[in-house]
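The values are calculated or read from the model by the stated rules, or taken from the named source; none is laboratory data. Note that the coordinates shown come from a computational prediction; the quantities given were computed from them, not determined experimentally. Because the Cβ atoms are built from the backbone with ideal geometry, glycine has one as well, and the counts that use them run over all protein chains shown. Side chains included, ligands, DNA and RNA excluded: accessible areas come from the protein's heavy atoms. Shrake-Rupley method; radii C 1.70, N 1.55, O 1.52, S 1.80 Å.
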Amino acid sequence: MAKIQIPRGTQDIVPGTVELWHYIEAKARDLCRRYNYAEIRTPLFEHTELFVRGVGETTDVVQKEMYAVDWFGEEKPRRDGGGLALRPEGTAGVVRSYVENKLYGAPNQPVKQYYIGPMFRHERPQAGRYRQFTQFGVEAIGSSDPAIDAEVIAVAIRLYEELGLKGLSVELNSVGTLEDRARHRTHLLAFLENIRTELCPDCQSRMDRNPLRVLDCKVEKDRILTKDAPSILEYLSEESAAHFQAVQDYLSAIGIPFTVNPRMVRGLDYYTQTAFEIKMAEIGAVETLCGGGRYNGLVADLGGDDMPGIGFALSIERLLLALEKQGVELPIERGIDCYIVVQSEAAKGVAFRLLDQLRQGGVIAEMDYLNRKMKAQLKAADRNEARYTAIIGETELVNGTVVLKEMASGEQRELKAGELLQALKK
Ligand code: HAM
């Protein structure tokens, strides 16, 4: 029969690689503990409406990339209306949960949460771009203090730094409040109308939906055409401008370098004021490692009180690519403590009990399950990168002992079987 292959844009994370994931996830959790963010786990699917309203009806993520289903073959259409969609990102679900659980009334404010989990986007797969990918993200809801903007950026940067990445850059912008944007929009549209027909087809439709996004177009000709377009930064209210300045001051205070990029506009609709991306020069086709920003209207848009929020998300896939590109080796512990080698079936009975004792005592231990000859068992011990082998031959079986061999030095000594656990724990 024909083999069934893995779906395009997905990957198996297999033993040998999964240890890297464990290491990164543990580092992210540890960091969140230090920055006082608590983990939240929301469903992998939500009502499609959540993303339409949360992420934005006209965004690529919702229009082109969402895995949405409307019908599960039930007898009658469901009463809850619309269908369900695999989550393309984490913020909307976290805010939905925040509203549903009335966390705006929680005694401990602001509410600081993080998540690590799979997201789904139907994109064209390429290096660093998958259809299922894993985001680590944080969301801080309930504070509009610019210091927390800097804190959120710091969580991401410190993660990369602690893992050993170098030369990352933070690009910072303020996309203003809705009012700021409305003022800017009039002037921007007036500018764009003059060059409309020269712009790429995508930008021509962006002009009608979200003209700010024209500034973020990657087409070289468009970038040149829009070089002198009015900048959003010139239209910030006094309050937004002060907020933006304060974010920069806080970042400087903790030694995080950044560049202001007034053309950087994020692809999701909920952003207000602070927006940022973390980039590394050249990671395959895609260079953005992390993106985030403020979303002061989102909680209210999803039916909650008017609470401000800010967060970021980064994918572990792109992080791994960056580590690989920079040749960073994570300190992964591999191998086992002890492989028990036996000469006979009778010794196997003893070995099996001993193995259980070792494991219960906290030792990483293994034995042969393929009835291999001693020589092949020793080879298996090597393949398992065993630090020790404990050999039970005929003599040892009779004497109730084992020969413990340190693989690196080749040194060996005989000891009572009952002493093996203690010897290995030292
Ligand atoms: P985003 O920019 O859409 O923002 O995605 C954030 C990060 O997810 C990207 O910088 C990238 O590392 C990763 N990513 C996105 N798509 C893919 C893909 N197809 N394959 C691999 N990695 C990918 C958000 O998702 C917002 N929810 C971030 C946020 C949180 N803003 C505020 N809070």
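If you go through the range 1-25, how many residues are open to solvent by less than 60 Å² (accessible area, probe 1.4 Å) and either touching a residue at least 24 places away in the same chain (Cβ under 8 Å) or not in a loop (DSSP other than H, G, I, E, B) (or both)?
Qualifying residue count, the range 1-25: 8.
Take the range 389-423 and flag every residue that is touching a strand residue (DSSP E or B) at 6+ places or on another chain (Cβ under 7 Å) and within 14 Å of ALA351 (Cβ to Cβ).
THR389, ALA390, ILE391, ILE392, GLU396, GLY400, THR401, VAL402, VAL403, LEU404, ALA417, LEU420
Just give me the residues in the range 289-300 being over 13 Å from the mean Cα position of the chain (by Cα) and either at pLDDT below 95 or not in a helix (DSSP H, G or I) (or both), in sequence order. Let's see the steps before the verdict.
First pass over the range 289-300, keeping only residues over 13 Å from the mean Cα position of the chain (by Cα): 293-300.
GLY293, ARG294, TYR295, ASN296, GLY297, listed by residue number.
Condition first: open to solvent by 80 Å² or more (accessible area, probe 1.4 Å), part of a loop (DSSP other than H, G, I, E, B), closer than 26 Å to ARG158 by Cβ and at pLDDT 95 or above. Can you find one or more residues in the range 32-51 that meet it? Can you show your working first?
Applying the first criterion (open to solvent by 80 Å² or more (accessible area, probe 1.4 Å)) to the range 32-51 yields 33-34, 36, 41, 45, 47, 49.
Now narrow it down to the ones that are part of a loop (DSSP other than H, G, I, E, B): 36, 41.
Right, trim to closer than 26 Å to ARG158 by Cβ and you get 36, 41.
Narrowing further to those that are at pLDDT 95 or above: 36, 41.
Within the range 32-51 (the criterion being open to solvent by 80 Å² or more (accessible area, probe 1.4 Å), part of a loop (DSSP other than H, G, I, E, B), closer than 26 Å to ARG158 by Cβ and at pLDDT 95 or above), the answer is yes, since at least one residue qualifies.
Among (1) outside any strand (DSSP E or B); (2) buried (at least 17 other Cβ atoms within 10 Å of the Cβ); (3) of a type outside the set (D, E, K, R), where does GLN245 come up short?
With respect to (1) outside any strand (DSSP E or B); (2) buried (at least 17 other Cβ atoms within 10 Å of the Cβ); (3) of a type outside the set (D, E, K, R), GLN245 is out only on (2).
Among the listed residues LEU314, LEU319, identify the single one that is touching a Phe, Trp or Tyr at 6+ places or on another chain (Cβ under 9 Å), outside any strand (DSSP E or B) and either open to solvent by less than 30 Å² (accessible area, probe 1.4 Å) or more than 10 Å from the ligand (Cβ to nearest atom) (or both). Outline the logic, then answer.
On the way: LEU314 fails: outside any strand (DSSP E or B).
Step by step, each of LEU314, LEU319 is checked, and only LEU319 is touching a Phe, Trp or Tyr at 6+ places or on another chain (Cβ under 9 Å), outside any strand (DSSP E or B) and either open to solvent by less than 30 Å² (accessible area, probe 1.4 Å) or more than 10 Å from the ligand (Cβ to nearest atom) (or both).
Residue pairs, Cβ under 9 Å, 6 or more apart or interchain, first in the range 122-139 and closer than 20 Å to ARG41 by Cα, second among the hydroxyl-bearing types (Ser, Thr, Tyr) and near the ligand (Cβ under 8 Å from one of its atoms). List them.
Qualifying pairs under 9 Å: PHE133/SER315; THR134/SER315; GLN135/SER315; PHE136/SER315; GLY137/THR91; GLU139/THR91; GLU139/TYR295.
Within 16 Å of the ligand (Cβ to nearest atom) and touching a Cys at 6+ places or on another chain (Cβ under 8 Å) - does that describe any residue in the range 295-303?
Taking every residue of the range 295-303 in turn, none turns out to be within 16 Å of the ligand (Cβ to nearest atom) and touching a Cys at 6+ places or on another chain (Cβ under 8 Å).
Tell me whether the range 190-210 contains one or more residues that are surrounded by fewer than 17 Cβ atoms within 10 Å (Cβ to Cβ) and touching a residue at least 40 places away in the same chain (Cβ under 8 Å).
There is at least one residue in the range 190-210 that is surrounded by fewer than 17 Cβ atoms within 10 Å (Cβ to Cβ) and touching a residue at least 40 places away in the same chain (Cβ under 8 Å).
Here's a check for you: in the range 111-146, which residue that is among the hydroxyl-bearing types (Ser, Thr, Tyr) and in a strand (DSSP E or B) is farthest from the chain's Cα centre (by Cα)? Don't jump to the end; show me each part of the working.
Quick first cut of the range 111-146, residues among the hydroxyl-bearing types (Ser, Thr, Tyr) only: 114-115, 130, 134, 143-144.
Now narrow it down to the ones that are in a strand (DSSP E or B): 114-115, 134.
Details: TYR114: 10, TYR115: 8, THR134: 5 Å.
The selected residue is TYR114.
Give the residue that is surrounded by the fewest Cβ atoms within 10 Å (Cβ to Cβ), with candidates limited to residues of the range 165-177 that are at pLDDT 95 or above and under 19 Å from VAL247 (Cβ atoms). Even if it seems obvious, please write down each step before you answer.
Start the filter on the range 165-177 by keeping residues that are at pLDDT 95 or above, which leaves 165, 170-177.
Restricting the remaining residues to those that are under 19 Å from VAL247 (Cβ atoms) gives 170-177.
Details: VAL170: 20, GLU171: 17, LEU172: 23, ASN173: 26, SER174: 27, VAL175: 24, GLY176: 25, THR177: 19.
It comes out as GLU171.
Quick check on the range 277-294: of everything there that is near the ligand (Cβ under 9 Å from one of its atoms) and touching a helix residue (DSSP H, G or I) at 6+ places or on another chain (Cβ under 9 Å), which residue is most open to solvent (accessible area, probe 1.4 Å)?
Per the stated criteria, the residue is THR288.
What number goes with the only condition from (1) open to solvent by 10 Å² or more (accessible area, probe 1.4 Å); (2) more than 9 Å from the ligand (Cβ to nearest atom) that ARG129 does not pass?
Every condition holds for ARG129 apart from (2).
Considering each of GLY292, GLY304 in turn, give the residue that is farther than 28 Å from GLU25 by Cα and in contact (Cβ under 8 Å) with a residue 12 or more places away in the chain.
Among GLY292, GLY304, only GLY304 is farther than 28 Å from GLU25 by Cα and in contact (Cβ under 8 Å) with a residue 12 or more places away in the chain.
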